[in-house]
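**Student:** Sharing a structure here in structure tokens format.
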Amino acid sequence: MELIPHDELKPSHSFNFAPMIDFLFLMLSLFATLAISRATLYDSDIELVSLKPESHAAPLRSGQIQQINLSITEQGRYKWLTEFQEYPIENVAALQEELSRQYQIGALPKDKTKTEILLHIDKKAPWEPIVNAIFGIRELGFRAHPVYEEVPVERKGS
């Protein structure tokens, strides 16, 4: 009787590829995830617009550009803003429906590039409604422009 079985003393003539295949799969999934993340985060072609609190006069750009103001509240709710009133919108589907209706009745220019949809986003708004609104607007062929308003910084002790 031997202490170590004879089968375990024989050298193995095969190579185990399982760890190498696992490593290659992990590298492939890592790079695929990075490529998708980069495409959605950086290549999204979103332009930020700054509103300056000067006068109530002309729009941001001269010409025949129609501006639509939408608000996304701290709770993630949508509002259609006009000069006189705010109209709540239930979800992205209702927003798309209203934009389509406005386009069909001729309230918006035929050339969709001449329509600016300005998104007034609350600082504390969750990301999901913001992203859903941007992609919902893009589905219809319009461009969304997130807007920020510069808030004056208050000094302490002044």
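**Student:** Go through F25, F142 and list them by solvent-accessible area, largest first, probe radius 1.4 Å. Provide the component values of the computation, followed by the final result.
**Tutor:** Details: F25 135, F142 5 Å².
Order by accessible area, largest first: F25, F142.
**Student:** Quick one: length gained pulling Y87 to H13 fully straight, 0.36 nm per residue minus the C-alpha distance? Before the final figure, lay out each step's value.
**Tutor:** Working: separation 74, 0.36 × 74 = 26.64 nm, distance 7.53 nm.
Result for the pair: 19.1 nm of gain on full extension.
**Student:** Counting Lys and Arg as +1 and Asp and Glu as -1, what is the net charge of the other residues whose Cβ lies under 13 Å from the Cβ of Q104?
**Tutor:** Numbers: positive: R101, K110, K112; negative: E97, E98.
Neighbourhood net charge equals +1.
**Student:** Where does each of L70, L28, L81 land when they are ordered by accessible area, with a 1.4 Å probe and the largest first?
**Tutor:** The ranking, largest first, comes out as L28, L81, L70.
**Student:** Give the calculated FRET efficiency between F23 and L3 to the nearest 0.05, with a Förster radius of 30 Å applied to their Cβ-Cβ distance.
**Tutor:** Numbers: r = 36 Å, r/R0 = 1.20.
The computed FRET efficiency comes out at 0.25.
**Student:** Using a 10 Å cut-off on Cβ atoms, rank the peptides 129-141, 93-105 from the highest mean neighbour count down. Don't jump to the answer; show the numbers that get you there.
**Tutor:** Numbers: 129-141: 16.5, 93-105: 14.5.
Packing order, densest peptide first, comes out as 129-141, 93-105.
The values are calculated or read from the model by the stated rules, or taken from the named source; none is laboratory data. In this text, all values refer to a predicted model and were calculated from it rather than measured experimentally. FYI the Cβ positions are ideal-geometry reconstructions off the backbone, even for glycines, and counts take in every protein chain you see. We work out accessible area using only protein heavy atoms, side chains counted, and drop any ligands, DNA or RNA first. Shrake-Rupley method; radii C 1.70, N 1.55, O 1.52, S 1.80 Å.
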